[in-house]
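The values are calculated or read from the model by the stated rules, or taken from the named source; none is laboratory data. A quick note: this is a predicted structure, and the numbers were derived from the prediction, not measured. Neighbour counts run over all protein chains shown; Cβ positions are idealised from the backbone, glycine included.
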Amino acid sequence: MRLRDLVVHAGLVATSLLTLFPALWVVSMAFRPSQSFDTSLLPIPEVISLDNFRDLFSRPHFFRQLGNSLLVAGLTTAIGVMFSCTAAYAFSRFRFPGRRAGLLALLVTQMFPGTLMLIPLYALIESLGLLNRSAGLVLVYSTTAIPFCVWNLKGYFDTLPRELEESAMMDGAGPFVVFWRIVLPLSRPAIAVTALFSFLTAWNEFILAATFLSEEQAYTLPVTVQSFVGAFSTEWGHFAAGALVVSLPVMAVFFALQRHLVGGLTAGGVKG
Amino acid sequence: MKNVAALGPCLAVIFATAFGAMVVDRYASHRALENGQAFALHLAAYLAQEGDVAIAQEGDVAIAQLRAHPAVQSAALVKVVAADARYPFLRRLEVVAHTDPSRVGTRLLASSEDDKRVADLVHIGGVTALSDRRFQAGVGSAVVTSMPITRVGLPVFGLAIGALAALLFWLDLVRKQPTSRVRPLIGALLCVGTLFTLLGWRIVAIDRLEGAARSTADPIAATFLLAVVVLLPLVGTGVLGSMRGVGPSPHRRAYAYVAPALVGLSLLVVLPFLFGVALAFTSEVDGQTTFVGLDHFIHILSSTGRRLTEPLSFYFTAAVTIAWTGINVALHLAIGLALALVLSDPLLRFRGLYRVILIVPWAVPSYITALVWKGMFNQQYGLINHLLLKFGLEPVAWFSGFFTAFVANVTTNTWLGFPFMMVTALGALQSIPKDLYEAARIDGASAWQQFRHVTLPLLRPALIPAVLLGTVWTFNMFNVIYLVSGGAPNHATDILVTEAYRWAFEQDRYGYAAAYSVLIFLLLLVWGLFAQRLTRADES
Amino acid sequence: MPQLELDAVGKTYDDGFVAVSDVSLAVAKGEFIVLVGPSGCGKTTTLRMIAGLEDVTKGQLHIGGRKVNDVPARDRDVAMVFQSYALYPHMTVRENLSFGLMLRKLPTAEVVKRVDEVAATLELTTLLDRRPKALSGGQRQRVAMGRAIVKRAGLFLFDEPLSNLDAKLRHQMRVELARLHRTLGATSVYVTHDQVEAMTLADRMVLMNAGRVQQMGAPLDLYERPANLFVATFLGSPSMNLLPADRDGEDFVFEGLRWRLPSQTSAPREVVLGVRPEALRVVGTTPSGREATLQLPALVEVVEPLGHETYVHCRIGARPLVARLTGPVSVMPGESIVLGVEASAVHVFDRQTESRCSP
C-alpha cells in the first residue's frame, strides 16, 4: 500500500513539474534584465530586476491596450452569456420545430475553419466602420462564443427540475420572471463557468485582433505581446513580462472558479 | 387565412423599401464615382508627368492645384503602405501632403471623421483600393468633398432598423398575448432591416475587398442570394410563427428566446461563412475577380503539379492533419483520464494542490504556450537541447526534420490540452455512485476489471462530447502549428488550416484558400456525421 | 355554481398519445375531490390541465364560473402542492412563502402578516430563515403546503404530496391535511395512487383508468358498489376475489359448485362473481346443508397472521382466493376448510363488458 502511494505521488510530482516548468520559465525570464532566452536549467534568475515590466508599462498606449482588452473581454462575456442563456433555455425547455436542427447547426459552426472566416469577417467589420474599434471585436467574439455557451448552459438547464418552474408559474410568475428569478439564480455555477470561458477566449484571442487592429492605441494585449516575437529576433524579456501580465489575472479567476469548473462543465454530459 | 392575407402588405413594404434602397444606392454610388473619378483623372494626369518619386516633394504643388478646384474642401495625398508583413491585405494610409500642413506625415485614423471620408474616397475614387495590388505600396490621392451619402451608412442604417425591429419583436413576443396588428409591421421592419444590411454590405464591403469589381459580381451575387435564401425564411418563420394561433403557444416564446443568438450567429458567423464559400469559386488577378467554377477544387484535389506524397499536396497535408489530430486526442484522453483517476481518490494527499497545478496549462493563453515552447525547442539557445547536452547527447535541430518538428508540435499541444480532458473526466467520475464499485468488488472484480466494466462505460456519455469537441479543436488548431514549427521543414508539418492560411495571406490567393477551407470544413462535417451516428448507436 | 367544472376535457399529445380521453366533473365549493388510479391513468395530466401547466386539447374547463382553457396558470387563482415539493432552493422558507404574494404586488405588511399566520398554523415559525436544504422531509412538505395556503387561492391542487414521506410521517400528514381542510374549507383536488389516502381524505373520489373516469362518488359507495371489475379490484386490500361463473336460471355454476342467488336473475349467462376477502368466514371443515350462506370448500395454502386480523390464502380447484378474518385463526396450511359468504355480499359482473349487473 505504501509503495503504491509512493509511486502515485512520484508520478504526480513528475507531471506537476513538467506542467509547471514552462510556466516558471516565463516567470524567470520576466524578471531577468535581459532579452535573450533563459538557458539555465533552473528557472531562477541570477539577478532580479523589474526592467522588463518598467519597459512594458512605459510603452506608449500600454494602459490603453490593457483597457481595450478588459473592455473587449468584459463586453464579450456579458453579451455572449446573455444571448446564450435565453437560447439555451429555449433549447432545453421548449420542443419547437427546428430545435434539433438548431442544436446541430450550433455544432456545425464549430467546424468552420478560421481561415475561411477571416476575410469575410474583415470585410464585414470594415463595412461597418468598426476596424480599429473595440466594438468590432466584441461583435465577432461574442457571436463566435455563442455555440459553446449555448451547449454548455443547455446541458445544465436540462438537469434543473421542471417542477420549480411550474411551481413559480402557479405562484403567478410570467415566463420572464420564471427565467429571471428561478432559472438564472439556480444556474449560477454553470453561468460562472460559461462566462469564464467566453472571457478567456476573448482575452486570449490574437489572430482576429491582429487582423482587425492596425493602430497601436486600438491593440488588445495579445497583439502587443505577440509583437515582441519577431521573425528574426525576439525580445524574450518583454514577451515574458507581457505574458505574465496577460495570464495572471486570468489564472486568478480560473483558480477561483475551479471548483465550479468540474460541476459546471459536465452536468449535462453525465446526466445525458 | 387572415394571417396569410396579412403577408400581402408586409411583402409590399419589403419590396418597396428594397426597390427604394436600390435606387438610393445606385444614385449614391454614381455620384461618388463621378466625384472620385474627376479627381482621380486630374491627379493621374499629374502623376503621369511627375512620377511616383517626385510626388512627395511636389506634394504641395499638387495640393495647391487640388485646392483650386471648386468642389474641394480639403485634400490629401496619401501613400498606401503595408501595415503588417504577415497580413498583406492590411494596409495603412499615410498622408504625404495635406491642405492642413500639420497633418503631413500622419497616419489616417479611421476614428477621425475627416480621415474616414478621405479614406472612403481613396477606395471609391478608384485611384487606389485596398485589394488592388498595383497600388499596394504606391501613391494615391484623396479629396474630401461633400458626399451625397456615406455608403457605410447604408448597412449601418439597415442594422439599426433591423435591431430596432428585432427588439420590438422580441419584447412583443416575450410579453403578452399577440397583438396581431403590430406583428406584420414589425416583421416587415425586420425584413427591411435585413435587406438594407445585405444590400449595403454587398455594395460597400465586397467592392472594397475585391477592388472596384462591380461588373464581375458573380461571387457577390452568389453570397447575396445564399444569404437571402438562408435569412429570409428564418425571419419569415419568426413572423409566421408569431401570427399563428392566439393562445399561449410555447413555440412563439421559444423562437423569441432563440432569436437574439440566432440573428447574431446568422449575421456574423453564417453570412461570412457563405461569403467565404462563394469566394471559393472565384479567382482574383490584378484586382479583378472572376468566376472560375470548380477550378480551385479540381486543382487541389488532383494535386496538380505535385506528387501526392510531396509536402504541399493536399493529401499529404490531410494525412499529417489526421495523424496530428489522432495522436493529440489520444494523448489528451490517456493523460487526462489517468490523472483524473488518480486525483479522484478522496484519500490522496495534496489532492487540491495537484489539481490546481495540473490545470495551469489551460489557463495560459495558447499563443503564449506555443511561443514559449518554440523557444524551448530552439536549436541554439533552447532549453531542451541544453538538457540533451548536459546528458552528453547531441543537440537536435528540431525544426529541420519532419519527424522532430512534428514531435515538437505534438509535445506543445499535449501540454496545452490534457487539462480539459482531466477536468471533464474528474467531473464525470464524481457522478459515478460509489456503491457500484462496492458491488463490483463483491462480485470479485479486479481494479482493472472495475475500470473496464464500471468506470469506462459510465464515463462514456460525458467523454464522447468532450472527445468530439477536442477533435474539432485540434483539427483546426492553428496557433500551435503556425507558431511552433511554422510548417518547417518546407511545409511538411503544416496542417490543413495553416496551409489554407498561407495560401490566403502569404500568396494572396483568397479564392484558392477559400476552396481549401471549404474542403477542410467538408472533411470535418463528414467526420461529424459519422461520429454522430456512432454516438447515436451507442445511446440506443 | 360549481367552483371547478370539467366538461368532456381531454388531452392528446403532439405525438398522438391520448393521456386523457374524456373527463367530466363538477366540484362544489369546499369539496375535497381525490383523483385516484394506477400510474399512467391520466390523473396527473388532468390535474396539470386544471393547473394550467398542460394545454387542454378537448372540452371545456371552468374555474369559478370562468372559462380558463386559454388562461395561463398564474391567472387561474389556483394553488398547487407538487410531489417533489418544488421549493426554491435559493430562497429561505420565508422567501419561498412570500414569493407568490410579492409577484402579486401585495403590500409588504400584508405579505408579512399572511406568511407569519401560515407559519404559525403549520409550526414553521422557527424555520422561516432556513433554506429548504436544511429542512427535514416533513418540514419541506409543510412549507410546500404553506406556500399553497398563503395564497388564499380559490382552488387547491395536490399532486401526490405525501408520496415522498415515510409510512409513519405519511399517516401523520394525512391526518393533518384532513384537519387543515376542515379549518380552511378550501376546494381541493388531490391526486394519489394510494387508495388509503383516497378513501380517508375524499368527500368524493374519482377513480380513473386509461384516461377515463371509471367511477365517481363517495368513497364508501365506490367500495361497496363498484361499477366495474376495475374499480372492484383496485379498491380494497387484499383485492376482491374474482370467480368466473355461468348462470343457470337462479343458479351460478363454477368450479363444480352451484350457488343460488335469486336476486340476480337479470344477469347475463357469463359472469364474474366478486367476493371481498373480509366477507368470507370459516364455517367448518366439511360442507353443511345450511341454506343461509353460500359455501366454498377450499384448500389452505398460506396463513398470514397480522395480529388483529389474519389473511388466509387458499385455493378452490385451480383458483386462488384470499379470506381476511378477524383476530387470530387456528387454520393450518394444507388443511381443507369451508368458507361461507352471505348472498348479499356477492358482487356480480358481466364477463363481457366487465360492468356491474347486481343492483
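Yes or no, residue by residue, for (1) in the same structural domain as C:CYS314 (by TED's automatic domain parsing); (2) surrounded by fewer than 19 Cβ atoms within 10 Å (Cβ to Cβ):
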site	(1), (2)
C:ALA198	no, no
C:ASP203	no, yes
C:GLY217	no, yes
C:PRO244	yes, yes
C:ARG247	yes, no
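Sort through C:VAL271, C:VAL302 and tell me the only one that's touching a Pro at 6+ places or on another chain (Cβ under 8 Å), surrounded by fewer than 13 Cβ atoms within 10 Å (Cβ to Cβ) and under 24 Å from C:LEU235 (Cβ atoms).
Working: C:VAL271 fails: surrounded by fewer than 13 Cβ atoms within 10 Å (Cβ to Cβ).
Only one candidate qualifies: C:VAL302.
As an exercise: evaluate C:PRO89 against (1) over 30 Å from C:LEU127 (Cα atoms); (2) within 13 Å of chain A (Cβ to nearest Cβ); (3) surrounded by fewer than 17 Cβ atoms within 10 Å (Cβ to Cβ); (4) not basic (Lys, Arg) and give the number of the one condition it does not meet.
Checking C:PRO89 against (1) over 30 Å from C:LEU127 (Cα atoms); (2) within 13 Å of chain A (Cβ to nearest Cβ); (3) surrounded by fewer than 17 Cβ atoms within 10 Å (Cβ to Cβ); (4) not basic (Lys, Arg), the one that fails is (1).
Restrict the check to segment A:70-86 and report whether at least one residue is at pLDDT below 85, assigned to a helix (DSSP H, G or I) and at the interface with chain B (Cβ under 7 Å from one of its Cβ atoms). Full working, then the answer.
First, pick out the residues of segment A:70-86 that are at pLDDT below 85: none.
No, the conditions are met nowhere in segment A:70-86.
Examine segment B:427-444 for a residue that is buried (at least 23 other Cβ atoms within 10 Å of the Cβ), of a type in the set (Val, Ile, Thr) and facing chain A (nearest Cβ under 10 Å), and state whether such a residue exists.
no
Of all residues in segment A:116-158, how many are within 10 Å of another protein chain (Cβ to nearest Cβ), over 30 Å from B:LEU463 (Cβ atoms) and among the aliphatic types (A, V, I, L, M)?
Of the residues in that region, 11 qualify.
Of the residues that make up segment A:95-103, is at least one at the interface with chain B (Cβ under 8 Å from one of its Cβ atoms), over 27 Å from the mean Cα position of the chain (by Cα) and among the aromatic types (Phe, Trp, Tyr)?
Yes, some residue in segment A:95-103 is at the interface with chain B (Cβ under 8 Å from one of its Cβ atoms), over 27 Å from the mean Cα position of the chain (by Cα) and among the aromatic types (Phe, Trp, Tyr).
Which residue is modelled with the lowest pLDDT, if the candidates are limited to segment B:268-307 and must be farther than 29 Å from A:TYR141 by Cβ and of a type in the set (Gly, Ala, Ser)?
For segment B:268-307, the residue satisfying everything is B:GLY287.
Taking segment A:182-228 on its own, how many of its residues are assigned to a helix (DSSP H, G or I) and of a type in the set (D, E, K, R)?
The initial filter retains those residues of segment A:182-228 that are assigned to a helix (DSSP H, G or I), namely A:182-186, A:188-204, A:207-212, A:216-218, A:221-227.
Add one more test, that the residue is of a type in the set (D, E, K, R), and what stays is A:188, A:216.
The qualifying residues number 2.
Kindly state which helices (runs of 4 or more DSSP H) lie completely within segment A:90-181 and contain at least 3 residues that are among the β-branched types (Val, Ile, Thr) and farther than 25 Å from B:ALA280 by Cα. Lay out the reasoning, then the answer.
On the way: elements: A:99-109, A:114-127, A:134-159, A:162-170.
Ranges flagged: A:134-159.
In segment C:75-99, how many residues are at pLDDT below 90, over 20 Å from C:GLU160 (Cβ atoms) and of a type in the set (Gly, Ala, Ser)?
0
Those residues that are crowded, with 20+ Cβ neighbours inside 10 Å and either basic (Lys, Arg) or under 21 Å from C:ASN228 (Cα atoms) (or both), I need them from segment C:334-353; list them, please.
Of everything in segment C:334-353, those that are crowded, with 20+ Cβ neighbours inside 10 Å and either basic (Lys, Arg) or under 21 Å from C:ASN228 (Cα atoms) (or both) turn out to be C:VAL341, C:VAL346, C:HIS347, C:VAL348, C:PHE349.
Got a sec? Which of B:PHE530, B:PHE505, B:PHE521, B:PHE478 is within 9 Å of chain A (Cβ to nearest Cβ), of a type outside the set (S, T, N, Q) and over 18 Å from A:GLU205 (Cβ atoms)? Walk me through how you get there before you give the answer.
Values: B:PHE530 fails: within 9 Å of chain A (Cβ to nearest Cβ); B:PHE505 fails: over 18 Å from A:GLU205 (Cβ atoms); B:PHE478 fails: over 18 Å from A:GLU205 (Cβ atoms).
Result of the check over B:PHE530, B:PHE505, B:PHE521, B:PHE478: B:PHE521.
Results for (1) among the polar types (S, T, N, Q); (2) out of contact with any Asp or Glu (no Cβ under 9 Å at 6 or more places or on another chain); (3) buried (at least 24 other Cβ atoms within 10 Å of the Cβ); (4) in contact (Cβ under 8 Å) with a residue 40 or more places away in the chain, shown as yes or no for each residue.
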{"residue": "A:MET169", "(1), (2), (3), (4)": "no, yes, no, no"}
{"residue": "A:PHE176", "(1), (2), (3), (4)": "no, yes, no, no"}
{"residue": "A:VAL183", "(1), (2), (3), (4)": "no, no, no, yes"}
{"residue": "A:ALA202", "(1), (2), (3), (4)": "no, yes, yes, yes"}
{"residue": "A:ALA209", "(1), (2), (3), (4)": "no, yes, yes, yes"}
{"residue": "A:ALA218", "(1), (2), (3), (4)": "no, yes, no, yes"}
{"residue": "A:THR234", "(1), (2), (3), (4)": "yes, yes, no, yes"}
{"residue": "A:LEU244", "(1), (2), (3), (4)": "no, yes, no, yes"}
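Run A:PHE57 past the list (1) touching a strand residue (DSSP E or B) at 6+ places or on another chain (Cβ under 8 Å); (2) more than 10 Å from chain B (Cβ to nearest Cβ); (3) among the aromatic types (Phe, Trp, Tyr) and report the number of the one that doesn't hold.
The failed condition is (1).
Looking only at segment B:450-458, decide whether some residue is within 12 Å of another protein chain (Cβ to nearest Cβ), among the aliphatic types (A, V, I, L, M), in a helix (DSSP H, G or I) and under 27 Å from the mean Cα position of the chain (by Cα). Please lay out each step first, then the result.
First pass over segment B:450-458, keeping only residues within 12 Å of another protein chain (Cβ to nearest Cβ): B:458.
Next, only the ones that are among the aliphatic types (A, V, I, L, M) stay: B:458.
Keeping just the survivors that are in a helix (DSSP H, G or I) gives B:458.
Pick out the ones that are also under 27 Å from the mean Cα position of the chain (by Cα) and you get none.
Checked against the condition, which is being within 12 Å of another protein chain (Cβ to nearest Cβ), among the aliphatic types (A, V, I, L, M), in a helix (DSSP H, G or I) and under 27 Å from the mean Cα position of the chain (by Cα), segment B:450-458 yields no hits at all.
Hey, any hits in segment C:140-155 for a residue that's part of a strand (DSSP E or B) and touching a Leu at 6+ places or on another chain (Cβ under 8 Å)?
Our first condition is that a residue be part of a strand (DSSP E or B); within segment C:140-155, this holds for C:155.
The next check asks that each one be touching a Leu at 6+ places or on another chain (Cβ under 8 Å); those that pass are C:155.
Checking segment C:140-155: at least one residue is part of a strand (DSSP E or B) and touching a Leu at 6+ places or on another chain (Cβ under 8 Å).
Just checking, does segment C:97-118 include any residue being among the hydrophobic types (A, V, I, L, M, F, W, C), surrounded by fewer than 20 Cβ atoms within 10 Å (Cβ to Cβ) and either facing chain A (nearest Cβ under 10 Å) or in contact (Cβ under 8 Å) with a residue 24 or more places away in the chain (or both)?
Yes, segment C:97-118 contains at least one residue that is among the hydrophobic types (A, V, I, L, M, F, W, C), surrounded by fewer than 20 Cβ atoms within 10 Å (Cβ to Cβ) and either facing chain A (nearest Cβ under 10 Å) or in contact (Cβ under 8 Å) with a residue 24 or more places away in the chain (or both).
Filter segment A:250-262 down to the residues that are within 10 Å of another protein chain (Cβ to nearest Cβ) and surrounded by 15 or more Cβ atoms within 10 Å (Cβ to Cβ) and list them by number. Quick ask: steps written out before the conclusion?
First pass over segment A:250-262, keeping only residues within 10 Å of another protein chain (Cβ to nearest Cβ): A:250-255, A:258-259, A:261-262.
Once the filter is applied, which keeps residues that are within 10 Å of another protein chain (Cβ to nearest Cβ) and surrounded by 15 or more Cβ atoms within 10 Å (Cβ to Cβ), segment A:250-262 yields A:VAL250, A:MET251, A:VAL253, A:PHE254, A:PHE255, A:GLN258, A:LEU261, A:VAL262.
Consider A:MET169 carefully, then state whether it is away from chain C (no Cβ under 13 Å) and among the aliphatic types (A, V, I, L, M). Give the derivation first.
Values: away from chain C (no Cβ under 13 Å): no; among the aliphatic types (A, V, I, L, M): yes.
No, not satisfied.
Are any residues in segment A:12-69 of a type in the set (Lys, Arg) and in contact with a Lys or Arg (Cβ under 6 Å, 6 or more places away or on another chain), and if so, which ones?
Taking segment A:12-69 first, the residues of a type in the set (Lys, Arg) are A:32, A:54, A:59, A:64.
Passing the criteria: none in range.
When you scan segment C:249-347 for strands (runs of 3 or more DSSP E) that lie fully inside it, which ones turn up with 2 or more residues that are of a type in the set (S, T, N, Q) and in contact (Cβ under 8 Å) with a residue 12 or more places away in the chain? Spell out how you get there, then give the answer.
Numbers: elements: C:251-254, C:257-260, C:270-275, C:281-284, C:293-305, C:309-316, C:319-326, C:336-342.
Qualifying strands (runs of 3 or more DSSP E): C:293-305.
Kindly indicate whether any position in segment A:229-236 is of a type in the set (Phe, Trp, Tyr) and at pLDDT below 70.
Checked segment A:229-236: at least one residue is of a type in the set (Phe, Trp, Tyr) and at pLDDT below 70.
Evaluate segment C:41-64: report whether one residue or more is farther than 17 Å from C:VAL189 by Cβ and of a type in the set (Lys, Arg). Break it down stepwise before answering.
First, pick out the residues of segment C:41-64 that are farther than 17 Å from C:VAL189 by Cβ: C:55, C:57-58.
So of that shortlist, the ones also of a type in the set (Lys, Arg) come out as C:58.
Within segment C:41-64, one or more residues are farther than 17 Å from C:VAL189 by Cβ and of a type in the set (Lys, Arg).
Identify, from the list C:SER21, C:SER39, the residue that is surrounded by 16 or more Cβ atoms within 10 Å (Cβ to Cβ) and out of contact with any Pro (no Cβ under 7 Å at 6 or more places or on another chain). Steps first, answer last, please.
Numbers: C:SER39 fails: surrounded by 16 or more Cβ atoms within 10 Å (Cβ to Cβ).
After applying the criteria, what remains is C:SER21.
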